[in-house]
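Here is the structure we will look at, set down as structure tokens.
Rule-based calculations on the coordinates, nothing more; no lab input. What you see is a predicted model; the values in this text were computed from it and never measured. Positions of Cβ are backbone-derived with ideal geometry, glycine not excepted, and every protein chain shown enters the neighbour counts.
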Amino acid sequence: MVGDGVVLALSFWAAFALRLSQVWPPALQESLVLLPALLLIGIGTLLFSGWYRSLTRTTGSHSLYGLMPRTGAIVLALLVVSTLSRAVDPPRSFWLLLWCLLTAGLILIRVLARDLLRLQLRWSSDAAAGIPTVIYGAGEAGHRLLQELRDAPEFSLVAVVDDAPRLWNRRLQRLPVLPPSSIPRLQQQAGVAQVLLALPSQSLQRRRQLVSELGSLGLKVLSIPSLADVASGRQRVSELRAVSIEDLLGRETSTPLPGLLDAAASGRSVLVTGAGGSIGSELCRQVLALGARRLVLVERSEFALYSIHQELTRSSSPTLLVPVLADAADQAHLEELCCQHCVQLLLHAAAYKHVPLVEANVCSAVANNLRCTAAALAAARSSGVENFTLISTDKAVRPTNVMGASKRACELLVQDAAAAIAAAGEGPICSMVRFGNVLGSSGSVVPLFRRQIAAGGPVTVTHPQITRFFMTIPEAVQLVLQASALARGGEVFVLDMGEPVRIAELARQMIQLSGFSVRDASHPQGEIALEFTGLRPGEKLFEELLISANDSPTDHELIRQAREATMPTVQLHELISELLQLIHVRDEAGVRDLLVRIVPEYKVDSRLVSMGSRVTLRSDDSSVA
């Protein structure tokens, strides 16, 4: 503020001196009565307009644009004072000179103060220098990131790298722009330990390639937020985050078909079973976002129901939320809920899906999955529900474990109900949606690997060649809702899961993204060990999405319709009834045998037969099986 006062006084003198070509012109002496007014008006205008609220160290071109109207207001106010007082009458050109000098002087003193502060910060951080860092990307995002990080003590910026040859050997804010091939040299010469990706619009495939290459060099990789988040103001460019494996396993966002999502849930009364689970909770979030009239959340875990209900109530949606602590196998309760809340769409996500746990608890798991599906179906048919959608799994295709076989049996129940409804000419439109592993689910291999890495390893994978399909939960749920709107009755929808992922490669990438090197047979000096433990009972090397090759496209490019065989109604219900009797007497071997009769594609692992009920869980078990 004192410096600004000096600038105001000097500008007042310099405007007269330049205009009249004298160091101390007589007109200046006559006009000195205006100087106190200039100081009062100038400091007051800068103070009350918020000029002093901005940080000096962030001064840039935006400061000039913000200062020009302020100095203009100061000069105009002084002109009014001069005119009203009639004490002095400076030349007209004096006012233009005063405005120019004020603007230049105030910016100059601000820039000098900024540079002194930066120099002081640099000196003070010498004792604890930041991590030597390279910015990848010399475009607009890289330029903005560099501006915001220049004074950040945790980063010691070494260089900028970019793929474009035309930018090489140039400078971006005093930092050299180099080709990516120079990164290993920068590691050796400058000790570069991390790279900041400033590539918000880069394709997912290119991002995967970059992260893989940088990770193999042992570099920590951070990324700026998405272009949409930066443009909307939700996040700043400098809000860096570690590149997660979810970023790499995902894919380019698909655009929903116009009207499909609205047709699924907008303005409707929706009931979700398993509302507190990974898929169920995301179904609830998206149904709420689509503007459902009412959302009934059915969940038997008190904590899970409480958590999702608390989350949803924080939204500003007018949707009426109805949390219900109930067992989805309770048909009478479901019927009551459907009638009471005039449910139009029933999304059945409740099931036991953790493969090793289901394998260790055959009777309980099969009973739960079948009874919940049968109860939800019956409730939908008897209470006027318009649409019923079963959340299924790729493990229902040629299953090698009890979970997959039980889900295929659930599909058969829904197919049978759809055929009966079509014959009767009334009842809900029933469909099933099949997809693979989702990222971030409670039993996913991703959080398991994270825990193993945090513990220092080893990271355990069952087989070097094992592959799985992966999809983010939000994308899977969005496609499920669109599939339910496409349904006409009895369809088995299959989601396009993209390319299968090798789990061993996934583990390697996660270790590298965490800033560690992989220790294996070819790299014995690595930090985190990668070990192969052997396929578990009931585990397949790869998953499939279709039992037969008879599938057809739908109106959505990522949703296909499978043509799966059904079973005669009487035979199916007799077998299900017999299965429930075996469950009642806890005959696990009999349950497995009968599941083979219901699902002929089910291949029981001989190791499971010999182990009987002695299946045990390992600490590295996840539902990726």
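Put simply, when 351-359, 463-471 are sorted by average Cβ atoms within 10 angstrom per residue, most first, you get 351-359, 463-471.
Counting beta carbons within 10 Å around each of K220, K395 and listing the fewest first gives the order K220, K395. Summarising the amide proton neighbourhood of G267: residues at separation of 5 or more, or on other chains, whose placed amide H is nearer than 5 Å comprise A292, R293.
For K540, the lysines whose Cα comes closer than 25 Å to its Cα, not counting residues fewer than 8 places off in the same chain, are K353, K395, K407, K603.
With 10 angstrom as the radius, rank M567, M497 by how many other C-beta atoms surround their C-beta, starting from the fewest.
M567, M497
Each peptide in 596-603, 300-307, 195-202 gets a packing score, the mean of other Cβ atoms within 10 Å over its residues, and the list from highest to lowest is 195-202, 596-603, 300-307.
Taking the number of Cβ atoms within 10 Å of each Cβ as an exposure proxy, the fewest-first ranking of T255, T373 is T255, T373.
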